[in-house]
Amino acid sequence: MSRPGARDAVEGGENEVDDAVRALLLLMPRMVGRVKKIPVPEALQSFALAPRHLSLLCYLLFDGPMTVNELAARLQVAPTTVSLLVGDLSRKGILERREDEADRRRRIIGIAADQQPAITAWLAPGAAAWRKALAPLTPDQRQLFVDTLLAYEAAVGGADQG
């Protein structure tokens, strides 16, 4: 559902960029507030999960078990960083490591079977909301949207460092 003036802010107005910025400055706090209100399932509350854990869990939930190096590439961090996260989540019983049948030197990381339902219940509604929002867009529009969010993240991150 579109809010009054949201489309006008993007398509027209005296200063189109400023109008879009105003619309987004109003929207972003509401979005963040709604995301923060998504309750952590009771089964996961004692684990003190942080946003860095969420990204890793999302990849494992949606793409299935993978190696530390595969996770590092997707998360765009060093394998040692992923190893630390995996170690932390493994000690908490959220993740499990198993030998790769094709190469016994490698470990495959997956969500522990007993934690899968709680993690799915927690993350699936957000994925469903993104699917609903992105489905009407063309592949090029979806890529533009993702690229725009990445550019915003980089600009905000640059402001923190400056």
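The values are calculated or read from the model by the stated rules, or taken from the named source; none is laboratory data. What you see is a predicted model; the values in this text were computed from it and never measured. In this analysis, Cβ positions are derived from the backbone assuming ideal geometry, glycine residues included, and neighbour counts consider all displayed protein chains. Keep in mind that these areas ignore ligands, DNA and RNA; they rest on the heavy atoms of the full protein, side chains included. Shrake-Rupley method; radii C 1.70, N 1.55, O 1.52, S 1.80 Å.
If you keep only loop residues by DSSP, which GluC sites (Glu not before Pro) in the range 82-162 have at most 13 other Cβ atoms within 10 Å of their Cβ? Show your work: numbers first, answer last.
Working: sites: Glu96, Glu99, Glu101, Glu153; in loops: Glu101.
Answer by residue number: Glu101.
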- Message: If N is the number of residues in the range 18-65, what value comes out of its Cα radius of gyration divided by 2.2 N^0.38 Å?
- Response: 1.58
- Non-local residues with an amide H under 5 Å from the amide H of Arg106, with H modelled 1.01 Å from N and Pro and chain starts lacking one, are Asp100
- Item | Accessible area (Å², per residue) of the chain, counting only protein heavy atoms and a probe of 1.4 Å | 72
- Peptides 21-27, 83-89: what's the order by average Cβ count within 10 Å, highest mean first? 83-89, 21-27
- Message: I need the per residue convex hull volume for the range 69-140, using only the alpha carbons, in cubic angstrom as a whole number.
- Response: 137
- For n ≥ 4 DSSP H runs only, could you compute -39500 (n - 2.57) per run for the chain, divide by its residues and tell me the 222 nm figure to the nearest 500? -20500 deg cm²/dmol
- For the range 119-162, the accessible surface attributable to carbon and sulfur atoms (probe 1.4 angstrom, ligands and nucleic acids excluded) amounts in percent to 65
- Message: Rounded to the nearest angstrom and ordered from largest down, what semi-axes does the equivalent ellipsoid of the chain get from its C-alpha gyration tensor (root of 5λ)?
- Response: 36, 18, 16
- Once you wrap a convex hull around the alpha carbon atoms of the range 37-104, what is its projected area averaged over all directions, in nm²? 5.2
